[in-house]
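A.B. asks: Below: one structure in structure tokens.
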Amino acid sequence: MGLKVHITELDVRMALPSTTAQLQTQAQEYGDVLSTCLQYPACDLVVMWGFTDKESWVPSAFPGWGAALVFDAAYQAKPAYVSLHDLLK
């Protein structure tokens, strides 16, 4: 059928305050999504729902939850960023 798969509005939220273990699990989950997409030619797009935790929609929609993106509120790369970077290099 020639259909394409687009993964859009991806974020992986966690209960706050986040822990090192949660950040590692988040990195694995982001990596799993991208790795799966890269395995299938029909999957040609992965888009995250934002760039940094500073502007994330998650805390306002899910009180007590957040840290859902690959950069923290101070624009520092989190383990999830490293996971994606390593898969794409």
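Laboratory data are not the source of any read-out in this text; all were calculated from the coordinates shown. Computed from a predicted structure; not experimentally measured. Counting neighbours? That spans all protein chains shown, and the Cβs are built from the backbone with ideal geometry, glycine included.
A.B. asks: Taking a cut-off of 13 Å between Cα atoms, list the aspartates and glutamates near Lys4, but don't count ones fewer than 8 places away on the same chain.
C.D. replies: Cα-Cα hits under 13 Å: Asp44.
A.B. asks: Magnitude of the Cβ-charge dipole of the chain, K/R +1 and D/E -1, about the Cα centre, nearest 20 debye?
C.D. replies: Once rounded to the nearest 20, the dipole reads 40 debye.
A.B. asks: Nearest-5 percent of antiparallel DSSP beta bridges in the stretch 5-88?
C.D. replies: Among the beta bridges of the stretch 5-88, antiparallel pairing accounts for roughly 40 percent.
A.B. asks: Can I ask one more? Evaluate the distance, in nm, between pseudo-label points positioned 7 Å from the Cα of Glu55 and of Ala21 along their respective Cα→Cβ axes.
C.D. replies: Output for this residue pair reads 3.3 nm.
A.B. asks: Where in the stretch 31-70 is the amide nitrogen less than 15 Å from a point lying 7 Å along the Cα-to-Cβ axis of Lys4?
C.D. replies: Taking a point 7 Å out along Cα→Cβ of Lys4, the residues of the stretch 31-70 whose backbone N falls under 15 Å are 38, 40-47.
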